[in-house]
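In what follows, a single structure is set out as structure tokens and then discussed.
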Amino acid sequence: MQILQGKAVSPGIALGTAWIYHPVQVTVAPEPVANPQQELARFALACADALAQLRVLEDKVRLDTGEENAQLFVAHQLMLQDEDFQQTVRDTIDGQGVNAAWAVNQAGALFAGQLAAMEDAYFQARAADVLDVTARLIAILGGERTEPAEQPAGEAILFAHDLTPSETVQLDRRRIMAIVTLKGSANSHTAILARAMNIPALVGLDTPALPTQWQGQHVIVDSESGRVYLGADSATTRHYRYKLSQRQQERQRLLSVKDQPAITRCGRRVNLYANIGSVADIAAARDNGAEGIGLFRSEFLYLGRQELPGEQEQFAAYRAVAEGMAGQRVIVRTLDLGADKQADYLQLAPEDNPALGCRAIRLCLARPELLITQLRAILRASVYGRVAIMFPMITAVWEVWELKQLYQQCRAQLDNEGIAYRPDIELGIMIETPAAALIGDLLAPEVDFFSIGTNDLTQYTLAVDRQNPALERYDDPVHPALLRLITQVIDQAHRHGIWVGICGELAANPDMSEFFLRLGIDELSVSPAALLPLKKTIQLLDLREK
């Protein structure tokens, strides 16, 4: 038995047969063309074919894993249609008199290289997306297939040098038990898709190559420890089969508490809500016993497209979520664009430090028409459920005053138009900057609730870029400074008679549940998959014990 180490990017345990994936290899070389105009026409036709294929993948992913992941292939369509990319290819064909495949290859290498050279790990990972799009174009131009050339015969552990997002979603997920690659990162879209598809995955396997003799060997992947057991012996196999059976039994035990409230043994209750990124996530939230939606990330309506979503489109989405939660609280976070979430059609000015730039409510206050459209849509949807509104990236009281003025302006508009809305909508703010945490006593009288966003609060308090893997050791979500701020915020909220929740990743940490409940937290909002384990943890707590 050989034990290899990798980096876990999607959790789980899997047993299966090693299957070494060999992608379609297309050789590209510069070839002179006699008629550049004819080659430009071939390029245009290939783009049209690629666009159609990407739309099919978008629909497939939307059906399989939801709207948020489908936006990846909307982004691929935008990359394909990007005018700079298109013009670079056309200039190469026309100016150098070479074949379209070579021109696409060169343009892809240029743009991918620019992204790979950036300091931000998120943008570095986007280089793989550019190469995925260009590989599709090159295959079409060469008359090659764009879907995986082979599929596994049985329950397989897929080994690959690397996988593109397109390859990942086109593999037969019924037969792929786990994914192991030599390259890749936790920020890659392939890793994100693996998590969404509930496929255990490891990247960065500590081997320089994939020997052909691995093919067909019995393999166990433990993506919690990051280990791969190649040619697993009988004792190791028995151990992991037992662990899998235990997990299945635990899942059944967790499902038994789905419809029970989160109440400790001493009678302390906390609301457990779900964080979602699209309308499609409502099903997972309800299946896992969510008592409400603590964070509805509205950015999905704005990303991966070429124009702003209109009021009617937004209204339909908010209404669907409100109706889907059947009267339970749904907190819509107003658009949080900027930083790592860019929409080209907004034509935002480049910033040296976008995480500290014109993002979230700063963008909305600079361009109030964006927020007015959104607030009108949310107000209209409020009659179909219990909707609340939450503003992100607050640092000062005057920001809240101006946001509330825009909100009242929208109410007045709807009154004049005779359009109904609920008059009792709660208004809240995210506490995700040290400034907001330190003036909670000034902010609390202005709103109905606080929601502590521990992800950004950690980043801003500790001066740590969450996207930079080189700073991982400094990204400490239980740093004393952070816990002191959280304690202060909860105390200030309750002193002024408003409720307070936590919607960052720290809320899902079972080791922190007792700490938060002892502080008096009213609500915890986590990913749907984390709801049942967290509820079970809370039900076992007894705050009378020291």
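The values are calculated or read from the model by the stated rules, or taken from the named source; none is laboratory data. All values reported here derive from a predicted model rather than from experimental measurement. No Cβ is skipped: glycine too gets one built from the backbone with ideal geometry, and neighbour counts run over all protein chains shown. These accessible areas exclude ligands, DNA and RNA; they are computed on the full protein's heavy atoms, side chains included. Shrake-Rupley method; radii C 1.70, N 1.55, O 1.52, S 1.80 Å.
Any idea which of (1) modelled with pLDDT of 95 or more; (2) open to solvent by 10 Å² or more (accessible area, probe 1.4 Å); (3) among the small types (G, A, S) is the one G292 doesn't satisfy?
Of (1) modelled with pLDDT of 95 or more; (2) open to solvent by 10 Å² or more (accessible area, probe 1.4 Å); (3) among the small types (G, A, S), only one is false for G292: (2).
Checking the structure you have, find out if any residue of segment 525-545 is touching a residue at least 40 places away in the same chain (Cβ under 8 Å), part of a loop (DSSP other than H, G, I, E, B) and under 20 Å from the mean Cα position of the chain (by Cα).
yes
Select from segment 103-150 the residues that are under 23 Å from the mean Cα position of the chain (by Cα) and among the hydroxyl-bearing types (S, T, Y) and list them in ascending order.
Y122
Can you tell me which residues in segment 318-341 are touching a residue at least 24 places away in the same chain (Cβ under 8 Å) and open to solvent by 10 Å² or more (accessible area, probe 1.4 Å)?
The answer is R319, A320, E323, G324, A326, G327, Q328, R329, R333, D340, K341.
Name the single residue that is surrounded by the fewest Cβ atoms within 10 Å (Cβ to Cβ) among those in segment 131-143 being within 18 Å of D82 (Cα to Cα) and not hydroxyl-bearing (S, T, Y).
My answer is L131.
Please indicate, with yes or no, whether at least one residue in segment 297-307 is within 17 Å of the chain's Cα centre (by Cα) and part of a strand (DSSP E or B).
yes
Checking the structure you have, find out if any residue of segment 451-462 is open to solvent by 20 Å² or more (accessible area, probe 1.4 Å) and of a type in the set (A, V, I, L, M).
So far as segment 451-462 goes, yes, one or more of its residues are open to solvent by 20 Å² or more (accessible area, probe 1.4 Å) and of a type in the set (A, V, I, L, M).
Residues V330, V321: which one is in a helix (DSSP H, G or I), more than 27 Å from M79 (Cα to Cα) and among the hydrophobic types (A, V, I, L, M, F, W, C)?
So the residue among V330, V321 that is in a helix (DSSP H, G or I), more than 27 Å from M79 (Cα to Cα) and among the hydrophobic types (A, V, I, L, M, F, W, C) is V321.
Given the residues F123, F43, F111, which is the only one that is aromatic (F, W, Y) and over 27 Å from L171 (Cβ atoms)?
Of F123, F43, F111, the one residue that is aromatic (F, W, Y) and over 27 Å from L171 (Cβ atoms) is F43.
Restricting the first residue to segment 241-258 and requiring it to be within 17 Å of G12 (Cβ to Cβ) and at pLDDT 85 or above, which pairs with a second residue that is surrounded by 13 or more Cβ atoms within 10 Å (Cβ to Cβ) and not hydrophobic (A, V, I, L, M, F, W, C) meet a Cβ separation below 7 Å and a spacing of at least six or different chains?
L254/P533; L254/K536
Take segment 170-184 and flag every residue that is of a type in the set (K, R) and without any contact (Cβ under 8 Å) to a residue 60 or more places away in the chain.
Across segment 170-184, the qualifying residues are R174, R175, K183.
For segment 230-262, give me the residue count where each residue is more than 15 Å from N288 (Cα to Cα), outside any helix (DSSP H, G or I) and open to solvent by 60 Å² or more (accessible area, probe 1.4 Å).
Looking only at that region, the number is 1.
What residue, among those in segment 513-546 that are acidic (D, E) and surrounded by fewer than 20 Cβ atoms within 10 Å (Cβ to Cβ), is nearest to M430 (Cα to Cα)?
Restricting to residues being acidic (D, E) and surrounded by fewer than 20 Cβ atoms within 10 Å (Cβ to Cβ), the top hit is D522.
Is it the case, given these coordinates, that P11 is at pLDDT 90 or above and either surrounded by fewer than 17 Cβ atoms within 10 Å (Cβ to Cβ) or within 30 Å of T237 (Cβ to Cβ) (or both)?
When the stated conditions are applied, P11 does not pass them.
Quickly run through segment 353-366 and pick out the residues that are in contact with a helix residue (DSSP H, G or I) (Cβ under 9 Å, 6 or more places away or on another chain), within 17 Å of G428 (Cα to Cα) and either open to solvent by less than 10 Å² (accessible area, probe 1.4 Å) or not in a helix (DSSP H, G or I) (or both).
Passing the criteria: I361, C364.
Being surrounded by fewer than 18 Cβ atoms within 10 Å (Cβ to Cβ) and assigned to a helix (DSSP H, G or I) is the filter here, so list the residues in segment 89-105 that pass it.
D91, D94, G95, Q96
Step by step: first the residues of segment 26-42, then only those that are of a type in the set (V, I, T) and under 42 Å from the mean Cα position of the chain (by Cα), then the one that is farthest from Q96 (Cα to Cα). Which residue is that?
Of everything passing the filter in segment 26-42, V26 is farthest from Q96 (Cα to Cα).
Can you pull out the residues in segment 59-81 that are open to solvent by less than 60 Å² (accessible area, probe 1.4 Å) and either at pLDDT 85 or above or of a type in the set (G, A, S) (or both)?
Answer for segment 59-81, where residues must be open to solvent by less than 60 Å² (accessible area, probe 1.4 Å) and either at pLDDT 85 or above or of a type in the set (G, A, S) (or both): G66, A70, F73, A75, H76, Q77, L78, M79, L80.
On the given criteria, is V130 in a helix (DSSP H, G or I), closer than 24 Å to A41 by Cβ and modelled with pLDDT of 95 or more?
When the stated conditions are applied, V130 does not pass them.
When you scan segment 25-39, do you find a residue that is in a helix (DSSP H, G or I), surrounded by 14 or more Cβ atoms within 10 Å (Cβ to Cβ) and not acidic (D, E), even just one?
Checked segment 25-39: at least one residue is in a helix (DSSP H, G or I), surrounded by 14 or more Cβ atoms within 10 Å (Cβ to Cβ) and not acidic (D, E).
Would you pick out the residues in segment 159-175 that are within 22 Å of A127 (Cβ to Cβ) and open to solvent by less than 50 Å² (accessible area, probe 1.4 Å)?
A160, L163, T164, P165, S166, E167, T168, V169, Q170, L171
Of the residues A178, A128, only one is within 16 Å of G204 (Cβ to Cβ) and surrounded by 24 or more Cβ atoms within 10 Å (Cβ to Cβ); which?
The unique qualifying residue is A178.
How about segment 367-474: which helices (runs of 4 or more DSSP H) wholly inside it have at least 1 residues that are of a type in the set (F, W, Y)?
397-417, 454-462
Looking at N99, N69 in this structure, which one is touching a residue at least 40 places away in the same chain (Cβ under 8 Å), in contact with an Asp or Glu (Cβ under 6 Å, 6 or more places away or on another chain) and polar (S, T, N, Q)?
The unique qualifying residue is N99.
In a helix (DSSP H, G or I), buried (at least 21 other Cβ atoms within 10 Å of the Cβ) and aliphatic (A, V, I, L, M): is that true of V56 in this structure?
no
Please work out which residue is modelled with the highest pLDDT, limiting yourself to segment 342-366 and to residues that are within 19 Å of the chain's Cα centre (by Cα), under 26 Å from W401 (Cα atoms) and of a type outside the set (G, A, S).
Residue satisfying both the conditions and the ranking: R359.
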